[in-house]
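Asker: One structure, as structure tokens, below. Some questions next.
The values are calculated or read from the model by the stated rules, or taken from the named source; none is laboratory data. Please read these numbers as outputs of a predicted model, since none were measured by experiment. Cβ sites come from the backbone with ideal geometry, for glycine too, and all protein chains shown count toward neighbours. Just so you know, the surface numbers come from the protein's heavy atoms only, side chains and all, with ligands and any DNA or RNA stripped out. Shrake-Rupley method; radii C 1.70, N 1.55, O 1.52, S 1.80 Å.
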Amino acid sequence: MQNPLPKKFDKQANKYDKLRTHDKTFKYRQKIFSDIHGEVLEVGIGVGLNFPLYNRDVNLTGVDFSEEMLKRARQAAKEYPFQTKLIQDDVETIEFPENSFDVIVSSGTLCGYQNPLDVLNNFQKWCRPDGKVLLLEHGLSTNKPLAWLQKSLDPLAVKVAGCHANRDISGLVKSSKLQFVKEERYLAGNVYMIWAKP
């Protein structure tokens with residue numbers, strides 16, 4: 001069965017492109033993604049919203065399954081000094097050699113995977129032993145009424161946007177092979193910033 005998500009995200013590419021100038025999550029991105037060097041993998045790279053945060057010595061590999069998102073990312077990448085290689089593929093099926101990257105970046109992707117735990121375990125495999133995995137995700141709130149709403153509306157969120165609103169991101173990371181280093185939560189606990197190691 002063909003994955004319906006790429007087409008859903010193709011349709012959202014213009015909306016994401018507009019976030020370049022109106023990104024309410026930029027302050028969180030800046031906090032977690034601003035000190036990144038070396039060989040970097042960004043999964044679900046989208047239109048390249050994190051490009052402004054990368055240092056010039058970064059060698060960036062970006063993966064996304066949306067052709068329309070990557071078109072915009074390719075255009076945006078021309079404005080930045082670092083090397084960029086963009087690959088159209090599904091993060092759940094792509095393969096990289098072990099210990100390929102110094103840093104793995106994910107922002108807003110764990111909501112969309114069918115098997116997020118498998119993806120996190122791959123991060124552990126693909127990241128070098130002294131590297132880091134940085135996650136900026138949205139998920140289950142610490143606010144009980146909001147969490148109840150997220151659980152209730154999850155089927156609709158999946159149908160409309162292709163994304164699960166009710167995932168416990170911290171729990172997923174702690175259940176994976178990654179080493180959980182620390183986390184910060186914002187906006188009623190809906191925004192997760194997680195620092196992890198392989």
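Asker: When the solvent-accessible surface of protein heavy atoms is calculated with a 1.4 angstrom probe, in what order do ASP130, ASP57, ASP23 fall, highest first?
Answerer: ASP130, ASP57, ASP23
Asker: Now, a different point. Can you compute the modelled spin-label distance between LYS174 and PHE26, with each label point 7 Å from Cα toward Cβ, in nm?
Answerer: 3.4 nm
Asker: Run the Debye formula on the Cα coordinates of the chain, all scatterers equal and no solvent, and tell me log10 I(q)/I(0) at q = 0.12, 0.15, 0.18 1/Å.
Answerer: So the normalised log intensities are -0.56, -0.92, -1.39.
Asker: Using Cα centres only, tell me the gap between region 99-129 and region 132-194 in whole Å.
Answerer: Cα centroid of region 99-129 versus Cα centroid of region 132-194: 15 Å apart.
Asker: Counting only residues 5 or more places away or on other chains, whose amide H sits under 5 Å from the amide H of VAL181 once H atoms are built in the peptide plane?
Answerer: For VAL181, the qualifying residues are TRP195, ALA196, LYS197.
Asker: If you don't mind, there's one more thing I want to ask. Once you have the Cα-Cα distance between ASP35 and GLN83, take 0.36 nm times their residue separation minus that, and quote the gain in nm to one decimal.
Answerer: 15.6 nm
Asker: A further question follows. First compute the accessible area of the chain with a 1.4 Å probe, then give the percent of it belonging to carbon and sulfur atoms.
Answerer: Taking all protein chains in place, the chain shows 51 percent carbon and sulfur surface.
Asker: Something else about it: Which cysteines in the chain lack any other cysteine whose Cβ sits under 4.7 Å from their own Cβ?
Answerer: CYS127, each lacking another Cys Cβ under 4.7 Å.
Asker: Separate question: What is the gain in length, in nm to one decimal, between GLU95 and ARG128 on full extension, counting 0.36 nm per residue of separation less the C-alpha to C-alpha distance?
Answerer: 10.4 nm
Asker: Roughly how many Å² of ILE87 are accessible to a 1.4 Å probe, to the nearest 10?
Answerer: 40 Å²
Asker: In the structure displayed, which of LYS24/LYS132; LYS27/LYS85; LYS27/LYS177; LYS78/LYS174; LYS24/LYS78 lie more than 31 Å apart, Cα to Cα?
Answerer: Among LYS24/LYS132; LYS27/LYS85; LYS27/LYS177; LYS78/LYS174; LYS24/LYS78, the Cα-Cα distance tops 31 Å for LYS78/LYS174.
Asker: Enumerate the residues in region 86-109 having an amide nitrogen under 20 Å from the point lying 7 Å beyond the Cα of LEU153 toward its Cβ.
Answerer: Counting only backbone N, you get 108-109.
Asker: Still on this structure, I have one more. The chain: longest stretch without exposed trypsin sites (Lys or Arg not before Pro) (DSSP loop, at most 16 other Cβ within 10 Å), sites themselves excluded?
Answerer: Between exposed loop sites, the widest span is 79-176.
Asker: While we're here: Could you pull the accessible area for PHE26 with a 1.4 Å probe, rounded to 10 Å²?
Answerer: 70 Å²
Asker: Quick one: longest stretch of the chain between exposed loop GluC sites (Glu not before Pro), exposed meaning at most 14 other C-beta atoms within 10 Å and loop per DSSP?
Answerer: My reading of the result: 99-198 is the longest stretch.
Asker: Per residue, how much accessible area does the chain show when a 1.4 Å probe rolls over the protein heavy atoms, in square angstrom?
Answerer: 52 Å²
Asker: Another one. Under 10 Å, Cα contacts only: if you run a Gaussian network model on the chain, which one of THR93, THR109, THR84 comes out with the highest mean-square fluctuation?
Answerer: Answer for the Gaussian network model of the chain: THR93.
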